[in-house]
1. Tell me which residues come under 5 Å, amide H to amide H, from K134 once H is placed; ignore anything under 5 positions away on its chain.
2. Measure off 7 Å from each Cα along the Cα-to-Cβ vector at N65 and S45, then give the distance between these two points in nanometres to one decimal.
3. Which cross-chain or sequence-distant (5 or more) residues have an amide H under 5 Å from the amide H of L121, H modelled 1.01 Å from N in plane?
4. Would you work out what percent of the accessible area of the range 54-112, with all protein chains in place, is carbon or sulfur (probe 1.4 Å)?
5. Along the range 46-53, what does the Karplus equation 6.51 cos²θ - 1.76 cosθ + 1.60 (θ = phi - 60°) give for ³J(HN,Hα), rounded to whole Hz, x for Gly and Pro?
6. Applying a 10 Å radius around every beta-carbon, put 153-161, 129-137 in order of their mean neighbour count, most first.
7. In 10 Å bins starting at 0, how do the alpha-carbon pair distances of the range 38-97 split up by percent?
Amino acid sequence: MASFLRALCCLFITSLCIAPLAVAQPPPPRPLSSAVEALANSGYSAMSLTLLLIGDTLPISSGANATLTIFSPSDKAFSKSGEPSMDHLLLHFSPMFLSRKSLVSLPFGSVIPTLSHSGDLYITSAGNKISIDKNRVSESLIFDDESVIIYGIEDFFETNFVVSPIERAFMAILKFCYYSYYYYYYYYLKIICSIL
């Protein structure tokens, strides 16, 4: 009988030690849940669902200094080309926070790092209208919480996109004309540039 009481006491004490571990803890808040909701509310449902699925696996730093810029293809782009590979999808995520002002200030050919192994993105515009890899970025933001910012784009970025040396030289001349007040030449070159 004494051994039975001793065993019962041990079982009771053990259950008291394990009980706090068995209580269900609420899941930690998802840092991208607001971004997922904003994408869905802005008509970017496919990217919203994609971000919901892969958000926790994105290779971004955690903590107060974690930043992310997302370039979201339209639902039309997803339906046209289907679900991209993970590496192609990560091409649309940059570990930097790129405000509209900072994107506009980047010169033609500037490199934007991505989370993809396929490569980086390139600024392919000059002026207030932003193009990245010859893909126009929407004027209005989808989401901005000062650590995550989301822009809409019409189509997926191409993997292995490169800016040719001729385009770089041409844009350098265009920029020179603009800042040197040779507006006549600037607008003439701008027309030629739109043809390229």
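1. Those lying under 5 Å, H to H, from K134 are T124.
2. Here the modelled spin labels are 4.0 nm apart.
3. Residues meeting the amide H criterion: I112, T114.
4. 60 percent
5. Using θ = phi - 60°, the values come out as 4, 5, 4, 5, 5, 5, 4, 6 Hz.
6. Put in order of decreasing packing, that is 129-137, 153-161.
7. Taking all Cα pairs of the range 38-97, the binned fractions are 20, 56, 22, 2 percent.
The values are calculated or read from the model by the stated rules, or taken from the named source; none is laboratory data. All values derive from a computational prediction rather than experimental measurement. Methodologically, a virtual Cβ is constructed for each residue, glycine included, from the backbone with ideal geometry; neighbour enumeration extends over all protein chains shown. The protein model used for the area step is the full one, side chains on, heavy atoms only, and it has no ligands, DNA or RNA in it. Shrake-Rupley method; radii C 1.70, N 1.55, O 1.52, S 1.80 Å.
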